[in-house]
Amino acid sequence: MNHEDQLILYAANQLDETERVEFKKHLAGCVRCQADLHLWQSVANEITASDSAVPAPVHLADSALEVIHAPSRLTRAFNGMTQLLRMQLLLMHNELWVGSAALMFIFLAMALLVARVEVLYFFVPMIAAGTVTLIYGSEHDPAAELTFATPISPWKILLARLTLVSAYNVFLALCATAGLLLILPPQALGELILGWLAPMTFLSALALLLSLWIGTSNALFISYTLWAAQYLALTSVSKWFAFLTPWLDSYRQFWQDPALLFIFGFTLILFALWSAGREQVQWRRTFIVG
């Protein structure tokens, strides 16, 4: 380390005791270093004097403590999300929760009675699709005008309600699937869940999107018709219209492909969230209220 570097560190009081003693000896016999040290000390004194002339804000310490103890951005986002979910839960109809649970219990009893898991495979997606069409829109929300007057984006409101209802439907379906273990081995649990989860995701997303644009009744009619159409390949209808058989087989394979159903389902959900605040949907909501 040269004397210039030592001089800077000496002026800043950054040398250890041994280096400081040695530099003092050099400083005693070096006129140039003495002059440079005087210059550095003058600059330091000037800076200190300037800082002292500016008074610190009265609440500087309190503000600093608030910043230190303020929750992180992630914590604030989580708290905001929790508050939004709680608020939307209170606005949704209680009949929706009771009705879904009652239907799931009925169809589980039917599946156990006839010892056929296909009963749940068929009705679980329909229950989920039916409930998601009731979560958004003036015809289902008595406090719709108040809800839409808040500064919260419509897509956030829709996402919060969709999250609540979807989680509830999945919970009910899991409970029903666990009930099927009375007639099936536990090893089949994973296959059972996948058998209804993928179709439920796509059918619910389709019904939700359609309900935003053409209303609940039309959405349910189209969604249920498309869902039931896959079973035409299993009836004598395919014998009457043999030319439709390849199309029906392909259509049925689509409903049995979890990857495709999940991809299309989440795509439709994103489009539904985008559609939540669009003018066409706003116009339909106003038209229905009027």
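Where a number appears in this text, it was derived from the coordinates with a stated rule and is not lab data. Everything numeric in this text was worked out from a predicted model, so none of it was measured. Using ideal geometry, Cβ is built from the backbone for each residue, glycine included, and neighbour counts are taken over all protein chains shown.
A few notes on this one:
- Cβ-based net charge around Leu15, under 13 Å, with every Lys or Arg adding one and every Asp or Glu removing one: -2
- Separation of alpha-carbon centers, the stretch 151-204 and the stretch 83-132, rounded to whole Å: 9
- The stretch between Leu74 and Leu182, if pulled fully straight at 0.36 nm per residue, gains 34.5 nm over its current Cα-Cα span.
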